[in-house]
Amino acid sequence: MRKTTSVLSAIVVSTMIFAYQAEAQVIDQTTATAEAGVTAEVIQPIAIAKNADLSFGRFSVAAEGTVVIPADGSARTQSGGVLLPVGLAAGSRAQFTVTGDEAATYSVTMPADGVIVLSDGDSNTMDLSDFESTSTGNLVDGTEIIYVGATLNVADNQAAGSYSGTFDVIVDYN
């Protein structure tokens with residue numbers, strides 16, 4: 001009887017082990033795992049540096065008008081009662097160097113119309129509008145030289161004097 005009990009016990013234990021393994025296989029077959037790698041690359045920050053200021057040059061005023069310095073380097077123009085006498089300083093576009101990752105593209109943000117005001121230090125002012133740049137938005141070899149132009153709005157009877165102000169050019173990676 002003891003032998004029969006031992007054989008029965010062995011059969012019961014074997015059956016339990018087989019059932020456990022079968023259950024484990026069923027559980028293993030309902031889940032799966034895959035491993036993925038993780039990488040990161042830090043790129044050079046985008047930067048901008050001023051090389052030259054924007055200048056509208058020298059001019060006279062007979063009535064309200066504008067002076068335009070194009071970003072593309074073409075000649076300064078005027079409208080209305082602004083006069084550009086020959087021989088006076090012709091003005092120049094601003095120049096900036098943008099640097100960053102050569103594979104990245106970027107955008108340029110310039111001031112809105114009327115936000116930038118030039119002052120003679122007294123109560124006389126003129127505002128700027130229509131900012132434009134030559135940016136392509138691409139950093140070939142990590143660098144692009146950009147030029148900025150704008151329109152100076154001159155009032156009727158604008159007081160003679162030297163006017164100045166500043167403006168910001170903002171660059172951001174896309």
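State yes or no: is GLY81 under 28 Å from the mean Cα position of the chain (by Cα), at pLDDT 95 or above and either among the aromatic types (Phe, Trp, Tyr) or surrounded by 13 or more Cβ atoms within 10 Å (Cβ to Cβ) (or both)? Criteria not met by GLY81. Is region 108-117 home to any residue that is among the polar types (S, T, N, Q), touching a strand residue (DSSP E or B) at 6+ places or on another chain (Cβ under 9 Å), under 21 Å from GLN78 (Cα atoms) and surrounded by 12 or more Cβ atoms within 10 Å (Cβ to Cβ)? The answer is no; no qualifying residue exists.
I need the full set of residues from region 137-160 which are part of a loop (DSSP other than H, G, I, E, B) and closer than 27 Å to THR66 by Cα, in order please. So that I can check it myself, show each step before the final result.
Going through region 137-160, the residues part of a loop (DSSP other than H, G, I, E, B) turn out to be 137, 139, 155-160.
The answer is ALA155, ASP156, ASN157, GLN158, ALA159, ALA160.
Within region 146-161, being surrounded by 13 or more Cβ atoms within 10 Å (Cβ to Cβ), farther than 19 Å from LYS50 by Cα and small (Gly, Ala, Ser) holds for ALA155, ALA159.
Evaluated against (1) exposed (fewer than 10 other Cβ atoms within 10 Å of the Cβ); (2) part of a loop (DSSP other than H, G, I, E, B), ALA49 falls short on exactly one condition, (2).
Is it true that ALA89 is in contact with a Lys or Arg (Cβ under 6 Å, 6 or more places away or on another chain), within 22 Å of ASP53 (Cβ to Cβ) and not charged (D, E, K, R)?
Spelling it out, ALA89 is indeed in contact with a Lys or Arg (Cβ under 6 Å, 6 or more places away or on another chain), within 22 Å of ASP53 (Cβ to Cβ) and not charged (D, E, K, R).
All of VAL86, VAL68 fail the test of being modelled with pLDDT under 95 and over 16 Å from ASN157 (Cα atoms), apart from VAL86.
The values are calculated or read from the model by the stated rules, or taken from the named source; none is laboratory data. Given the structure is predicted, the values throughout are model-derived calculations rather than measurements. Ideal geometry is used to build each Cβ from the backbone, glycine not excepted, and the neighbour counts take in all protein chains shown.
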